[in-house]
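Please treat every number below as a calculation from the coordinates, not as lab data. Predicted, not measured: the structure shown is a model, and the values here were computed from it. Backbone-built Cβ (ideal geometry, glycine too); neighbour counts: all protein chains shown.
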Amino acid sequence: MSFDEVAELYDAVRPAYPEQLFDDLLTIAATPDRGRVIDVGAGTGQATEQLARRGLSVLAVEPAPQLAERARLRLAPWPNASVVTATFEDPPAEADSFTLSRVTVLYAAPVLK
């Protein structure tokens, strides 16, 4: 069984990231206001939404179709966020240049505490 097979349940029970994490992330990464962010492996868009709420332009890349669809539903209110169903190894054309990559920085965040 994969997360994609139970996307709705996964979205409902997955714990949220702490709000402060995103404020710290943007401060540490010195991300400019209205910067462009790529969120690779975005899942249901939980982190993508937090970044979009802070005014960033976010491209969520998620290979699992059902997880990507959940992300699209979550991000519908945010015109500055979009979701593509693709892999990191085969990125869409719009994945050309970004100010910040969430994959790189969030996995490093525990080291920065």
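Tell me, Phe3, Phe22 in order of fewest to most beta-carbon neighbours within 10 Å?
Going from least to most buried by this count: Phe3, Phe22.
Using 19 Å as the cut-off for backbone N distance, which residues of segment 54-80 belong to the label zone defined by a point 7 Å from the Cα of Arg34 along Cα→Cβ?
Counting backbone N atoms under 19 Å from the label point, the list is 54-59, 78-80.
Can you put Thr87, Thr27 in order of Cβ neighbours within 10 angstrom, beginning with the fewest?
Thr27, Thr87
Taking the Cα-to-Cβ direction at Leu21 and at Leu73 and moving 7 Å from each Cα, how far apart do the two end points lie in nm?
In this crude label model, Leu21 to Leu73 measures out at 2.2 nm.
List the residues whose amide H sits under 5 Å from the amide H of Gly35, counting only those 5 or more places along or on another chain, with H placed 1.01 Å from N in the peptide plane.
Ser57
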